[in-house]
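Novice: Supplied in C-alpha cells, the structure appears directly below.
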Amino acid sequence: MAVAYKPNIAFYEVQGAKGWESLQKTLEYIPKECFTIADAKRGDIGNTSTMYAARISKP
C-alpha cells in the first residue's frame, strides 16, 4: 500500500464537470488512512501544462 496519492488535477479539470466527478470517484478509492495531495501546479511543464492549456481554450 502507498503512503500517499497525488492525483494530477489538470487531467481531471480538462474534462470539465465530468472530470471533477471522476476526481471524486478516484478519491473514494483511496484508503482513508493514506494522505491525499492535490497536484495542481499551474506553471508545470510537459503534458500537465498541455492539459491546463486545453481547459482554458474550452468554452
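Novice: Filter the range 35-54 down to the residues that are more than 13 Å from the chain's Cα centre (by Cα) and at pLDDT 95 or above and list them by number.
Specialist: Correct list: Phe35 only.
Novice: Then there is this: Would you check which residues across the range 5-34 are within 13 Å of the chain's Cα centre (by Cα), modelled with pLDDT of 90 or more and not in a helix (DSSP H, G or I) and list them?
Specialist: Selection gives Tyr5, Lys6, Pro7, Asn8, Gln15, Gly16.
Novice: I'm trying to understand the selection: among the residues of the range 1-29, which are touching a residue at least 24 places away in the same chain (Cβ under 8 Å) and more than 24 Å from Tyr52 (Cα to Cα)?
Specialist: If the condition is that a residue be touching a residue at least 24 places away in the same chain (Cβ under 8 Å) and more than 24 Å from Tyr52 (Cα to Cα), then Met1, Ala2, Val3 are the ones that fit.
The values are calculated or read from the model by the stated rules, or taken from the named source; none is laboratory data. None of these values were measured; they are calculated from a predicted model. Methodologically, a virtual Cβ is constructed for each residue, glycine included, from the backbone with ideal geometry; neighbour enumeration extends over all protein chains shown.
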